[in-house]
Amino acid sequence: MNLYLTPELQANRRGRFLASLLAISSSSEQPFPKAGFVLMTGEQLQASPELQAEGIAWGRQSGCTLLLLPPYKEGRIFPSLDWVIELTSPPLANAPQVSLETILAGEISHRLQGMDGNSITDSSLDDLTCHTRYWKAHSNSGLITVTTLPLWSISLLDHADKVLAFLAELDKYTG
């Protein structure tokens with residue numbers, strides 16, 4: 001799996017932490033390389049209708065996965081999908097920290113609503129059960145993915161394996 005950060009994400013503290021955590025040494029000079037797994041903030045994508053259209057078109061190609069990370073602006077993410085982001089208060093994190101979701105439970109600040117595509121859930125997160133949704137145009141297409149999990153969190157410093165496992169799970173759906 002070839003991981004890339006957008007130039008905007010790589011230029012900030014969160015992106016530098018992700019690059020270090022996941023050992024991402026290369027980056028694309030443009031938001032979307034020819035193929036691979038691109039991590040981008042939702043806010044960046046939501047700010048530009050052109051980037052939204054480019055992201056959907058790129059994610060429809062075989063071998064391409066677009067993963068949007070917090071932060072987000074409240075509202076719709078893509079005009080063509082029914083995914084909506086809402087702000088929420090993080091739940092109290094009293095569950096044992098055995099999964100990526102429970103490690104980050106106290107830091108989740110967005111809720112993802114929508115029915116398009118499929119979802120990844122965790123029953124230990126109560127009303128935040130849908131933390132990630134993904135959509136494929138067809139069986140051999142790439143993947144458009146949105147998560148409310150702050151994968152750039154310092155809480156994951158000793159859990160790179162869990163983040164990589166999460167990304168690998170998404171990657172297996174990419175055509």
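The values are calculated or read from the model by the stated rules, or taken from the named source; none is laboratory data. Just so we're clear, the structure is a prediction, and the values are computed from it rather than from any experiment. All Cβ positions, even for glycine, are placed from backbone atoms using ideal geometry, and neighbour counts span all protein chains on display.
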Take the range 138-171 and flag every residue that is exposed (fewer than 15 other Cβ atoms within 10 Å of the Cβ) and not hydroxyl-bearing (Ser, Thr, Tyr).
His138, Asn140, Ile154, Leu157, Asp158, Ala160, Asp161, Ala165, Ala168, Glu169
Members of the range 2-22 that are within 20 Å of Thr174 (Cβ to Cβ) and among the aliphatic types (A, V, I, L, M):
Leu3, Leu5, Leu9, Leu18, Leu22
Hits in the range 1-17 - residues which are of a type in the set (A, V, I, L, M) and either more than 15 Å from the chain's Cα centre (by Cα) or over 12 Å from Phe32 (Cα atoms) (or both)
Met1, Leu9, Ala11
Could you list all residues from the range 32-76 that are in contact with a Leu (Cβ under 7 Å, 6 or more places away or on another chain) and among the β-branched types (Val, Ile, Thr)?
Val38, Thr41, Thr65
Within the range 24-53, tally of residues that are assigned to a helix (DSSP H, G or I), over 14 Å from the mean Cα position of the chain (by Cα) and either buried (at least 16 other Cβ atoms within 10 Å of the Cβ) or of a type in the set (Ser, Thr, Tyr) (or both)
2
When residues of the range 105-156 are limited to those that are part of a helix (DSSP H, G or I) and not aliphatic (A, V, I, L, M), the one modelled with the highest pLDDT
Ser155
